[in-house]
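**Student:** Pasting a structure here, questions to come.
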Amino acid sequence: MNNNEETNYKIGGQIWVQKDGDNFMGPGRIAMLENLAEGYTLEEVAKKMNMKLETAKNNIDAINKTAQKPLTKTRDKNHYEVTRYGIDIISKYKELKKEHDKILEELNKKFYKDILEG
């Protein structure tokens, strides 16, 4: 058991990538892309993520509008193919997430040491 579990304090956070002040990529959009890459239809992804189909479509449109290159291609109105660039973005985001998690762990250790023990 680590010190943060013993005290019930934990510093947390999510990582978002923004472009020109607009959200580009975060945990929800990454999950959408991952599900699409696994072959789920957009309707299935929306249902799985408890969102309206229109919201899912808007997210895909926003992702592709913000990206330098398309992250998805439309095969038909409900089937999307994640592009090679989209797969690369998923991979890079996961790398950022791992770094972010390491930083949060260090902050938690420092918080416990400096604030709770000090």
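The values are calculated or read from the model by the stated rules, or taken from the named source; none is laboratory data. These numbers were taken from a predicted model, which means no experiment stands behind them. Cβ sites come from the backbone with ideal geometry, for glycine too, and all protein chains shown count toward neighbours.
**Student:** Go through the residues of segment 33-53 one by one and say whether even a single one is modelled with pLDDT of 95 or more and under 17 Å from L96 (Cβ atoms).
**Tutor:** Checked segment 33-53: at least one residue is modelled with pLDDT of 95 or more and under 17 Å from L96 (Cβ atoms).
**Student:** Moving on to the next point. Please work out which one of (1) in a loop (DSSP other than H, G, I, E, B); (2) closer than 25 Å to G13 by Cα is the condition K69 fails and give its number.
**Tutor:** Evaluating K69 over (1) in a loop (DSSP other than H, G, I, E, B); (2) closer than 25 Å to G13 by Cα leaves (2) as the failure.
**Student:** Okay, next question. Out of segment 12-37, which residues are surrounded by 18 or more Cβ atoms within 10 Å (Cβ to Cβ) and free of Cβ contacts under 8 Å to residues at least 40 places away in the same chain?
**Tutor:** Residues satisfying the conditions are R29, M32, N35.
**Student:** Filtering segment 72-118 down to residues that are of a type in the set (F, W, Y) and at pLDDT 95 or above, which residue is nearest to Y9 (Cα to Cα)? Walk me through how you get there before you give the answer.
**Tutor:** Quick first cut of segment 72-118, residues of a type in the set (F, W, Y) only: 80, 85, 93, 111-112.
Restricting the remaining residues to those that are at pLDDT 95 or above gives 85, 93.
Details: Y85: 38, Y93: 27 Å.
The residue in question is Y93.
**Student:** Name the residues in segment 74-118 that are surrounded by 14 or more Cβ atoms within 10 Å (Cβ to Cβ), polar (S, T, N, Q) and either touching a residue at least 60 places away in the same chain (Cβ under 8 Å) or in a helix (DSSP H, G or I) (or both), would you?
**Tutor:** Correct list: N108 only.
**Student:** Return the residue satisfying two criteria in turn: it lies in segment 38-73 and is among the hydroxyl-bearing types (S, T, Y) and touching a residue at least 24 places away in the same chain (Cβ under 8 Å), and of such residues it is surrounded by the most Cβ atoms within 10 Å (Cβ to Cβ). Talk me through it step by step, then tell me what you get.
**Tutor:** Filtering segment 38-73 down to residues among the hydroxyl-bearing types (S, T, Y) leaves 40-41, 55, 66, 72.
Cutting the leftovers down to touching a residue at least 24 places away in the same chain (Cβ under 8 Å) gives us 41, 66, 72.
Details: T41: 17, T66: 16, T72: 22.
This residue is T72.
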